[in-house]
Every structure is written in structure tokens, then in C-alpha cells.
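Bear in mind these aren't lab numbers, they're just calculated from the coordinates by the rules spelled out. What you see is a predicted model; the values in this text were computed from it and never measured. In this analysis, Cβ positions are derived from the backbone assuming ideal geometry, glycine residues included, and neighbour counts consider all displayed protein chains.
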């Protein structure tokens with residue numbers, strides 16, 4: 001189980017970084033930058049449980 | 001019930017979705033840990049239709065999530081609202097442009113208490129703020145209209 005959680009956390013970290021990269025490199029810096037901030041904040045919120053999972057290890 | 005997480009972040013029921021390259025498979029045991037034990041993920045309210053799960057939100061962050069959703073709604077409804085730089089707002093204040101469009105209107109929310117100090121007459125201030133209130137009275141979001149929705 002520990003390995004499964006580690007794998008999942010690693011996957012989630014990588015996926016989050018990739019999503020950030022795509023967002024950051026595909027936006028119109030002027031108006032879509034706000035959309036990016038919204039997504040970025042939501043992404044951060046939705047990753048709030050990662051630290052709980054890390055504590056399980 | 002097993003799940004799979006797409007590389008784009010979508011979490012789906014494994015039985016009702018086809019695998020794609022890069023998916024992370026979550027078996028029954030791990031799913032149990034994530035839902036019943038840590039409550040890290042939760043099903044969509046319309047899971048029977050969309051087959052989706054989400055990473056959960058901590059209870060103390062739900063209010064912030066509501067703010068984010070409100071921001072998203074405003075940005076989607078008034079796409080250019082946040083693209084206007086402060087200089088545009090300053091220009092309106094300086095020149096007292098009468099026809100304020102939505103792009104700048106929303107920004108006056110930060111100046112509710114200082115409209116007259118900005119140089120607007122009381123009547124102009126009321127007209128602007130009434131229009132702002134009208135914009136903010138949006139279905140399903142009216143309870144947030146007095147909240148700060150400005151993005152950091």
C-alpha cells in the first residue's frame with residue numbers, strides 16, 4: 001500500500017507540474033493570465049490532501 | 001471500485017472509461033484509503049452522468065473555493081474584466097469618462113468607500129455602484145456579491 005501511495009503522489013506531482021507548464025505556456029499573457037491564476041489556485045486547493053497522504057507514509 | 005487518473009487531472013471510474021496512455025490506475029484498496037480513510041477524493045454530484053471524481057477540498061478552504069468559482073464565473077461572463085490594467089481605471093477616474101464599460105466597472109468594487117475621493121460626484125458614484133451591483137447580482141452567486149472576489 002505504501003508503494004501505491006508513493007506512486008500516486010509522484011504521479012500527481014508530475015501531472016500537476018505538467019498542467020502548470022501547459023497553462024503557463026499556452027495563455028495569452030494579458031487576459032488569460034487571470035484564468036491561469038484561478039486554475040492555479042484551484043489546483044493548489046485540490047492538492048491540499050497530498051500532505052495528508054504523505055503523512056500516511 | 002477502481003479509478004484511473006488521466007494526465008490532464010481527470011479522475012474517472014475505471015470500469016466506465018477506456019484506458020489511455022499515461023493513466024494512473026487506482027485499485028480498490030487504494031481507492032478505499034483515498035475515499036473512506038483520508039477522504040482525499042470524492043465523487044462528482046452528477047457522477048452517474050459524468051463519471052468523474054475530484055480531489056477533495058479541505059473544509060476550511062471551501063469558502064476560498066467559492067470565491068474562486070465566483071471569480072471564474074465573472075471572468076467567463078466578462079472576459080475582459082480582468083485584462084484592464086490599473087492605468088485604464090486611472091484614466092477613467094482622471095477624465096471622468098461617463099460610459100464605463102464592464103471591463104472597468106468591476107474594478108470599482110475596490111473603491112466603494114472612496115468614489116467621491118476619486119473625483120466622482122455623489123450622483124455619479126451612485127450610478128456607477130448601482131450598475132456594479134446589477135452586474136454582481138448573478139444567479140446562484142448573489143450570496144457572494146458583498147465578498148471580495150479580487151484575485152491576489
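Other chains' Cβ within 10 Å of B:14-25 residues: what's the mean? Show your work: numbers first, answer last.
Numbers: counts 0, 0, 0, 0, 0, 0, 0, 0, 4, 1, 7, 4.
Other-chain Cβ atoms within 10 Å of each residue's Cβ, averaged: 1.
A Förster radius of 25 Å, combined with the Cβ-Cβ distance separating residue B:117 from residue B:63, puts the computed FRET efficiency at roughly 0.25.
Averaged over peptide A:41-47, how many Cβ atoms belonging to another chain are found within 10 Å of each residue's Cβ?
Numbers: counts 8, 8, 2, 3, 9, 10, 2.
Rounded to a whole number, the mean comes out at 6.
In terms of surrounding Cβ atoms within a 10 Å radius of their Cβ, B:46, A:16 rank from fewest to most as B:46, A:16.
Sorted by mean Cβ packing within 10 Å, highest first, what order do the peptides B:116-127, B:34-45 take? Intermediate values should be presented prior to the final figure.
Numbers: B:116-127: 13.3, B:34-45: 15.2.
The most tightly packed comes first, giving B:34-45, B:116-127.
Applying 1/(1 + (r/R0)^6) with R0 = 22 Å to the Cβ-Cβ distance of residue B:2 and residue B:44, what FRET efficiency is obtained, to the nearest 0.05? The computed FRET efficiency comes out at 0.85.
How would B:71, B:13 line up from fewest to most surrounding beta-carbon atoms within 10 angstrom?
Numbers: B:71 22, B:13 16.
Placing the least packed residue first, the sequence is B:13, B:71.
Label reach from residue A:13 (point 7 Å along Cα→C-beta): in the range B:1-35, no amide nitrogen lies under 11 Å.
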